[in-house]
Amino acid sequence: MIIKKVALYTIVSLSGSVFLTACQAISINSPVNFSGTPIAPGAMAPAPLPDYRMGDKYYYSNGSYEKITKLGPNIVEWENNAKRRSVTTTDPMAPELYLESKTREYTKTSDPSVGDIWPLAVGKTSSFATNVRYRNKDTSTEGEFRQLWNCAVEGAERVRVLTGAFDTYRVSCQRKSRSLRTGKTYYRQTVVYHYAPEIDNYVRYQSTTKGKSTYVRELIAIRPDIGFLDDQTARNIRHTFQDALENKQNDQTVSWKSKNGKITTSTTPTQTFQTADGKFCRNYKQVVNQGDGERLYVGVACREDKLKWLTPRK
């Protein structure tokens, strides 16, 4: 398990690398360091739907990641670390259009009112129904049920999570699932998102099922896809990222720009901490412009070797 150490630290430099001398331990894989402070209503501007980029990869504290494999008009296709596919709209809080699990495939159809809370603003609500059809992979048997949803933007909060501090909208969705055959409600769930408009994604997801335990996952990192760029450009972007984490103190930035000025990148470490076994990790902000406008990527990276900082995984 990776242990996060924060606060009360002194930065020193050894052989050109940035290190930490004293701090307090908090777990990075068990998101227990969450804290939130209310923001006055109206202090945050309404948040539009996310603007996704092809190939971006989203890492979470449960060890999972999801990569965008296809983009279409209001459609996003994903593949996770288990090579399973899902299809969503650009609304990250709406039910999936298609979802593949280990044992089943789900196809979902929701009422048009599903998106009524966008642009996000405190006080906005949405009530809608979702019809779900599923197919069991092993037997090919099929079934269907109906979900009833009530979502509300409950407030705005300044939160601290594994990846750093963010201004977020707190969105709560209550779900009931009913059998289409009997009409009986057999599943009740409450999902709470802390959505950060700055990065077009939620930084914390909490799901509580009635009579069962609560499940939480936090964002660890969003990483850009640079594999389609020419080799030298990709190397320069990677080196800028690694150089900043290896050699710069918190809030110092390393930048790079292509000769034609169309591709730029910069990385800024924002916090430094250490694992229980002595491994150093850092929070960072990375800005990448691949010719289609600047995008902000945030995350945690841990040092495996000189100039080798990687996104931590379980």
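The values are calculated or read from the model by the stated rules, or taken from the named source; none is laboratory data. From a predicted model like this one, the values you see are computed outputs, not experimental measurements. Using ideal geometry, Cβ is built from the backbone for each residue, glycine included, and neighbour counts are taken over all protein chains shown.
Odds and ends about this structure:
- Considering the range 29-84, the qualifying strands (runs of 3 or more DSSP E), each wholly inside and each with 1 or more residues that are free of Cβ contacts under 8 Å to residues at least 24 places away in the same chain and not basic (Lys, Arg), run over 65-72, 75-80.
- Residues of the range 145-188 satisfying the condition of being under 16 Å from TYR205 (Cβ atoms), in contact with a helix residue (DSSP H, G or I) (Cβ under 9 Å, 6 or more places away or on another chain) and in a strand (DSSP E or B): TRP149, CYS151, PHE166, THR168, TYR169
- Matching residues, the range 61-80, being modelled with pLDDT of 95 or more and either under 17 Å from GLY227 (Cβ atoms) or under 14 Å from the mean Cα position of the chain (by Cα) (or both): TYR65, GLU66, LYS67, ILE68, THR69, LYS70, LEU71, TRP78, GLU79, ASN80
- The lone exception for ALA221 - which of (1) modelled with pLDDT of 95 or more; (2) closer than 21 Å to ALA156 by Cβ it fails: (2)
- Within the range 227-267, the residues that satisfy the criterion of being closer than 12 Å to LYS285 by Cα and of a type in the set (A, V, I, L, M) are ALA244, LEU245, VAL254.
- For the range 206-225, taking the residues that are free of Cβ contacts under 8 Å to residues at least 24 places away in the same chain and not in a loop (DSSP other than H, G, I, E, B), the one that is farthest from VAL288 (Cα to Cα) is identified as THR209.
- When ASP292, ASP277, ASP231 are checked against the criterion of being of a type in the set (Asp, Glu), within 30 Å of TYR193 (Cβ to Cβ) and outside the structural domain of TYR52 (by TED's automatic domain parsing), a single residue qualifies: ASP292.
- Residues of the range 275-289 satisfying the condition of being of a type outside the set (A, V, I, L, M, F, W, C) and surrounded by fewer than 16 Cβ atoms within 10 Å (Cβ to Cβ): ASP277, GLY278, LYS279
- Residue-level analysis places GLY123 among those that are more than 22 Å from ASP225 (Cβ to Cβ), at pLDDT 95 or above, out of contact with any Leu (no Cβ under 6 Å at 6 or more places or on another chain) and surrounded by fewer than 18 Cβ atoms within 10 Å (Cβ to Cβ).
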